[in-house]
Amino acid sequence: MNLAKLKPGEKGRITGIGAIGPLKRRLMDMGVLVGEEVKVIKVAPMGDPIEVFIKSYNLSLRKKEAEGIAVEVSE
């Protein structure tokens, strides 16, 4: 499953980052790391962007970026 498929209020643990190059570096610099807990706060009406809570701050990601982040749903 990827981060873009989580619904608002759902939590997941990051299991992989499919991005490469500068995008992967930027995501990692923002705290998107394997093993981190992430919670979807809200999704814009058209599905883009997606606001998530990670490492005690809110982060807004494009849907395309979120699709490249593999997550495991957690309770």
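The values are calculated or read from the model by the stated rules, or taken from the named source; none is laboratory data. This is a predicted model, so every value here is computed, not measured. Cβ atoms come from the backbone with ideal geometry, glycine included; neighbour counts cover every protein chain shown.
Residue count for the stretch 50-73 satisfying the condition of being free of Cβ contacts under 8 Å to residues at least 40 places away in the same chain and either closer than 17 Å to K11 by Cα or among the aromatic types (F, W, Y) (or both): 9. Examine the stretch 47-54 for a residue that is loosely packed, with under 14 Cβ neighbours inside 10 Å and either out of contact with any Asp or Glu (no Cβ under 9 Å at 6 or more places or on another chain) or within 13 Å of L3 (Cβ to Cβ) (or both), and state whether such a residue exists. Looking through the stretch 47-54, at least one residue is loosely packed, with under 14 Cβ neighbours inside 10 Å and either out of contact with any Asp or Glu (no Cβ under 9 Å at 6 or more places or on another chain) or within 13 Å of L3 (Cβ to Cβ) (or both). Checked against (1) of a type in the set (V, I, T); (2) modelled with pLDDT of 90 or more; (3) loosely packed, with under 14 Cβ neighbours inside 10 Å, I20 meets all criteria but (2).
Could you tell me whether the stretch 44-53 includes any residue that is outside any loop (DSSP other than H, G, I, E, B) and more than 11 Å from the chain's Cα centre (by Cα)? No, the stretch 44-53 has no match at all. Find the residue count for the stretch 36-46, including only residues that are under 17 Å from A70 (Cα atoms) and surrounded by fewer than 11 Cβ atoms within 10 Å (Cβ to Cβ). Total satisfying the criteria: 0.
Taking the residues in the stretch 1-17 that are of a type in the set (V, I, T) and surrounded by 15 or more Cβ atoms within 10 Å (Cβ to Cβ) as candidates, determine which candidate is nearest to K64 (Cα to Cα).
From the stretch 1-17, those of a type in the set (V, I, T) are 14-15, 17; that's our starting set.
Going one step further and asking which of them are surrounded by 15 or more Cβ atoms within 10 Å (Cβ to Cβ), we end up with 14, 17.
On the way: I14: 16, I17: 12 Å.
Among those that are of a type in the set (V, I, T) and surrounded by 15 or more Cβ atoms within 10 Å (Cβ to Cβ), it is I17.
Only one of these is assigned to a helix (DSSP H, G or I) and small (G, A, S): A19, A66, A70. Name it.
Details: A19 fails: assigned to a helix (DSSP H, G or I); A70 fails: assigned to a helix (DSSP H, G or I).
Every option except A66 fails the conditions.
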